[in-house]
Every structure is written in C-alpha cells, then in structure tokens.
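**Student:** A single structure is presented below for examination.
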Amino acid sequence: MSSPSDQPTPRDEGRRTFLKQSSLLTAFTLVPGPVIQAASFELDEKVAGAFEKVPLKLEVNGKKYKLSVEPRTTLLDLLRENLNLTGTKKGCDYGQCGACTVHVDGQRVNSCLSFAVMHDGKKITTIEGLSDGDKLHPMQEAFVKHDGFQCGYCTPGQIMSAVACVREGHAGSETEIREYMSGNICRCGAYSNIVAAIQEVKNGGQKV
C-alpha cells in the first residue's frame, strides 16, 4: 500500500499541468507558419464548401443527374471528378487547347472555362456519349481510319469540335475546317489527318 507521502499533492498536479501546457506551447511555436496557415485554410475551405453548395440538375449523355456542387466548380471538374467521365481531358485549363471540349445543348464549349452551375437544366454530351453503345460515331470511325491522332490526348476534344464543325456548316473546304478547328491544338501535329477525317464525314453525308 502506498503511504500518504506517495500520493500526488495539489502542488505536484499543478506542476504536471504546467509542464504539459508548456510542452504543447513549445511544439506549437515550432510548427512552421505556412503549415498552420495551410491547416487553417483547409478548414475554412471545408466549412465554406459545406455552406456554399447549390443544387444542380443536368442531363449528361442522356442520363439525368441531381447534384449539389460548389458554385466555383467548373463543368470540366464536375464531369471528371463527380461523374467520373474522364474522356474529357484537362489540358491547359485556360481555354486555349480545346482538349476539354464538350457539347452543351448541341453547342461546343470549353468546359474548363465554364462553371457547372451555368448549365442548370441543360443537356451535356461528352466523348463517352457520342457513340451508340459499341457502335462508333462516324467521326470517331473517320479519325481511326485516317489516323487523326498520335498520343491521343487531344483526340476527345478534337472529335467533339469536329462534329460541331460539320453541324455548324463550317466544313465546306480545307481552309474553312482549319479555321473553325483552330481552337483545338494537337501537339503531335496530326492536323492533315484530322482535316481528312472531317472532310470524309462531311462529304459522305453521314448524320453527325
């Protein structure tokens, strides 16, 4: 059995509390300022995100969605991160390369420059929704036939723009095609093949 002298006195408890608090304060002061700021920022972001989300209804590739998103979420990030439609590529993220091109109510849009909330109630078509099941879209078939891609990264955006180019009536000549496809950059330089694919679909009178 312990004697009364072995029991902690109020003075001992006070000393222990002081040492614990001192150690905690010392550790806190040794944490780099940027780390503290980052942690605070992340917490603020989570709190703000929970309060700022707004409802959003979309029809994507024929499927209807009811979502809750932050107002600053781009259409590109919504498709890739929320709906797992990763065929639409994130290239420059500045609307200059065209890799993120999708159709909104039939019109081509750079999804990296467009907020998702701007398209409430609209119909979105991505590269995944262009084909009919296992049957490729005529433009997809033409790109394969004419080898309109090399690395393939820009191909989804190229195909979506190519379809729009024909639908808009801007595929009357090679010069016109090049002008109206100029917003889509191919780092591999497969432009001649892309033009040939578009011309074949346009001249073939296939429904796009």
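**Student:** How many residues does region 132-151 hold that are under 25 Å from residue 78 (Cβ atoms) and loosely packed, with under 14 Cβ neighbours inside 10 Å?
**Tutor:** Residues that pass the stated criteria total 2.
So that you can scan it fast, the table gives a plain yes or no per residue for (1) of a type in the set (S, T, N, Q); (2) crowded, with 19+ Cβ neighbours inside 10 Å; (3) assigned to a loop (DSSP other than H, G, I, E, B):
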| residue | (1), (2), (3) |
| --- | --- |
| 55 | no, no, no |
| 65 | no, no, no |
| 81 | no, no, no |
| 84 | yes, no, yes |
| 90 | no, no, yes |
| 96 | yes, no, yes |
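**Student:** I want to confirm something. Restricting to region 190-208 and keeping residues that are in contact (Cβ under 8 Å) with a residue 12 or more places away in the chain and assigned to a loop (DSSP other than H, G, I, E, B), which single residue is surrounded by the fewest Cβ atoms within 10 Å (Cβ to Cβ)?
**Tutor:** 207
**Student:** Could you tell me how many of the residues in region 168-187 are loosely packed, with under 14 Cβ neighbours inside 10 Å and assigned to a loop (DSSP other than H, G, I, E, B)?
**Tutor:** 6
**Student:** How about region 159-187: which of its residues are of a type in the set (S, T, N, Q) and out of contact with any helix residue (DSSP H, G or I) (no Cβ under 6 Å at 6 or more places or on another chain)?
**Tutor:** Of everything in region 159-187, those that are of a type in the set (S, T, N, Q) and out of contact with any helix residue (DSSP H, G or I) (no Cβ under 6 Å at 6 or more places or on another chain) turn out to be 161, 173, 175, 182.
**Student:** Determine the pairs where a residue that is in contact (Cβ under 8 Å) with a residue 60 or more places away in the chain, located within region 124-144, has a partner that is open to solvent by 70 Å² or more (accessible area, probe 1.4 Å) and part of a strand (DSSP E or B) with Cβ atoms under 9 Å apart, the partner being 6 or more residues away or on another chain.
**Tutor:** Filtered contacts from region 124-144: 129/63.
**Student:** Checking the structure you have, find out if any residue of region 123-132 is among the hydrophobic types (A, V, I, L, M, F, W, C), touching a strand residue (DSSP E or B) at 6+ places or on another chain (Cβ under 6 Å), over 19 Å from residue 182 (Cβ atoms) and at pLDDT 95 or above.
**Tutor:** yes
**Student:** Given the structure, is residue 160 closer than 28 Å to residue 66 by Cα, assigned to a helix (DSSP H, G or I) and open to solvent by 70 Å² or more (accessible area, probe 1.4 Å)?
**Tutor:** no
**Student:** Suppose the filter is more than 19 Å from the chain's Cα centre (by Cα), under 30 Å from residue 53 (Cβ atoms) and at pLDDT 95 or above; does residue 169 pass it?
**Tutor:** No, not satisfied.
**Student:** I'd like to know if region 126-135 contains one or more residues that are part of a loop (DSSP other than H, G, I, E, B) and closer than 16 Å to residue 97 by Cα. Steps first, answer last, please.
**Tutor:** Taking region 126-135 as the starting set, the residues that turn out to be part of a loop (DSSP other than H, G, I, E, B) are 126, 130-131, 133-134.
Pick out the ones that are also closer than 16 Å to residue 97 by Cα and you get none.
No, because not a single residue in region 126-135 is part of a loop (DSSP other than H, G, I, E, B) and closer than 16 Å to residue 97 by Cα.
The values are calculated or read from the model by the stated rules, or taken from the named source; none is laboratory data. None of the values given here were measured: they were computed from a predicted structure. Neighbour counts run over all protein chains shown; Cβ positions are idealised from the backbone, glycine included. The protein model used for the area step is the full one, side chains on, heavy atoms only, and it has no ligands, DNA or RNA in it. Shrake-Rupley method; radii C 1.70, N 1.55, O 1.52, S 1.80 Å.
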